[in-house]
Amino acid sequence: MTDVFLALAQKRVYIETYGCSYNFGDTANFLEVLKHYGSIPVSSPEDADAVVINTCTVVGPTERRMLRRLAALREKPLFVTGCMPLVQREAILSVCSPVIIPTERIREAYLSVRTVAPGGVGIVQIAQGCLGRCTYCITRRARGSLVSFPTEEIREKVRALVDAGAYEIQLTAQDTSAWGRDTGDSLPELLSTISDLKGNYRIRIGMMNPATVFPVLDDLVDAVASDRIFGFVHLPVQSGSDRILEQMGRGYTVQEFEEIVSAFRRRYPGISIATDFIVGFPGETDEDFSRSLALIGRIKPAKVNVTRYSPRPLTGPFAEKDFPDSVKKDRSRVLNAYAEEQYSAINRPLLGTTVSCVVTEKLRPGSVMARTATYQGVVIGQDLPTGTVAAVILKKDRKYFFMGDLVK
């Protein structure tokens with residue numbers, strides 16, 4: 001395994017990445033190590049001497065997609081990393097015979113390189129693993145218990161990305177609010193340490209489990225006051241029913257989740273709240289589902305990610321009776337539609353107003369994404385450099401973002 005990067009040295013390498021921002025952070029690090037070894041990234045498997053697939057297995061459809069993709073590429077020199085080899089190695093070996101790259105090997109190799117690629121958005125991994133006991137989750141089995149990365153390592157990565165032109169710094173982990181629980185530190189302390197660097201940047205805090213937010217809530221609310229931090233929090237609730245939350249092993253109640261949302265809203269009325277729901281969890285009744293809908297109506301989130309429950313190997317509910325796909329599909333559709341009603345209600349008063357935003361990434365020639373202070377996305381139909389501060393009139397509501405024109 002020590003020679004895995006030597007095996008890719010001087011070769012044309014194609015990397016395909018699936019899943020969460022943590023996986024994309026691994027890929028960014030992988031590419032920097034490859035560059036160190038003289039390898040050349042290419043944009044298609046046909047042009048590559050070797051193919052790397054960074055896998056995700058969070059839900060069943062993703063797992064099946066991974067296996068189809070691996071089978072399609074099995075004639076190529078194939079390397080596989082990510083979550084799947086850690087928990088479903090045999091499934092991988094049933095469709096191909098790749099070189100398996102443990103994710104810790106990527107981190108180990110990257111720490112001896114530590115370069116970064118230029119770009120408007122930079123990913124900074126702050127920890128691996130979590131403290132959760134979610135009964136449905138295969139990722140915690142893949143990534144293990146919480147290991148917080150050192151403050152100075154994180155700070156240096158932020159500094160390098162800002163120096164390379166990144167405006168948006170995305171902190172990522174399986175649970176960012178758990179950072180420091182294993183070392184005696186805390187996320188608010190980390191935010192204070194990395195938000196005093198010089199440069200033109202803002203930090204986006206990644207997904208936080210309400211159960212690990214509670215112990216640091218007051219300090220975390222204070223930390224978000226920094227103008228270096230986007231007014232945005234991602235707090236997956238997963239269900240509006242306490243009964244289902246208990247069966248999921250989430251470690252908090254609906255009331256406690258709402259207390260967290262209220263604490264942020266009291267201090268920052270315009271803050272953007274994103275959350276996640278799982279529909280069709282084993283035993284979820286119509287009443288449980290109605291409670292999820294009612295919770296959306298009460299907290300009025302700016303973004304809702306909806307996942308249909310998918311039985312995963314090695315997890316608690318795996319053997320329990322699953323709902324038919326039609327039920328999960330219907331609940332997903334209803335919940336998404338209701339969430340979109342909230343987006344429209346939030347966005348409608350903003351149409352025609354002028355907002356200040358900063359360009360964070362180029363989408364395609366002639367089009368860029370900009371972000372407001374509360375992380376609202378605004379697409380501008382012009383080529384503008386990353387980091388450009390712009391006054392923009394919000395012209396069209398696309399539910400998940402606005403179309404805007406520069407103020408002349």
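None of the figures in this text is laboratory data; all of them are computed from the coordinates on show. Keep in mind that this is a model prediction, so the values were computed, not measured. Glycine also receives a Cβ, built like all others from the backbone with ideal geometry; neighbour counts cover every protein chain displayed.
When 202, 398 are arranged by Cβ crowding within 10 Å, least crowded first, meaning fewest neighbours, the order is 398, 202.
Per the Kirkwood treatment, what hydrodynamic radius in Å, one decimal, follows for the range 237-297 from the mean inverse distance over all distinct Cα pairs?
Details: mean 1/r = 0.0823 Å⁻¹.
It works out to 12.1 Å.
With neighbours defined as other Cβ atoms within 10 Å of a residue's Cβ, the residues 49, 288, 218 order from fewest to most as 218, 49, 288.
Measuring against 19 Å, Cα to Cα, the residue pairs 328/399; 35/362; 11/76; 300/328; 157/198 contain 328/399; 35/362; 300/328 as the ones spanning a longer distance.
Run lengths n ≥ 4 of DSSP H only: what is the helix-derived mean residue ellipticity at 222 nm for the chain, with -39500 (n - 2.57) per run over all residues, to the nearest 500? Spell out each step's value before the answer.
Numbers: 15 runs with 146 residues, N = 408.
Calculated mean residue ellipticity at 222 nm is -10500 deg cm²/dmol.
Taking other C-beta atoms within 10 angstrom as a stand-in for reagent exposure, 190, 73 fall in the order 73, 190, fewest first. Once the Cα-Cα distance is subtracted from the 0.36 nm per residue extended length, the residue 340 to residue 274 segment shows a gain of 22.5 nm. Please work out the Cα center distance from the range 207-278 to the range 126-182, rounded to the nearest Å. The range 207-278 and the range 126-182 have Cα centres separated by 17 Å.
Rounded, prolate or oblate for the range 1-144? Axes are the square roots of the Cα gyration tensor eigenvalues, ordered a ≥ b ≥ c, and the cut-off for rounded is a/c under 1.5. Since a/c reaches 1.5 but b/c is at least a/b, the shape of the range 1-144 is classed as oblate.
For the range 226-237, the Karplus equation 6.51 cos²θ - 1.76 cosθ + 1.60, evaluated at θ = phi - 60°, returns couplings of 4, 6, 8, 10, 4, x, 8, 10, 10, 10, x, 8 Hz by residue, with Gly and Pro reported as x.
Computed packing ranks the peptides 20-28, 382-390 as 20-28, 382-390, most packed first, by mean other Cβ atoms within 10 Å. Which shape class, rounded, prolate or oblate, goes with the range 38-111 when its Cα gyration tensor gives a ≥ b ≥ c as root eigenvalues, a/c under 1.5 marks rounded, and past that a/b bigger than b/c marks prolate? Here the range 38-111 falls in the oblate category.
Sequence-ordered 3J(HN,Hα) estimates for the range 247-263 from the Karplus curve with 6.51, -1.76 and 1.60 and θ = phi - 60° stand at 5, 6, x, 6, x, 7, 9, 4, 4, 5, 4, 5, 5, 5, 4, 5, 4 Hz, glycine and proline given as x. The computed Cα extents along the principal axes in Å for the structure shown corresponds, within (1) 58, 55, 43; (2) 83, 48, 42; (3) 66, 44, 41, to (1).
Hey, how much of the P(r) for the range 351-406 falls beyond 20 Å, as a percent of Cα pairs?
8 percent
Cysteines of the chain lacking any other cysteine Cβ under 4.7 Å from their own Cβ: 20, 56, 83, 96, 130, 357. Mean projected area of the Cα convex hull of the range 117-348, taken over all directions, amounts to 12.9 nm².
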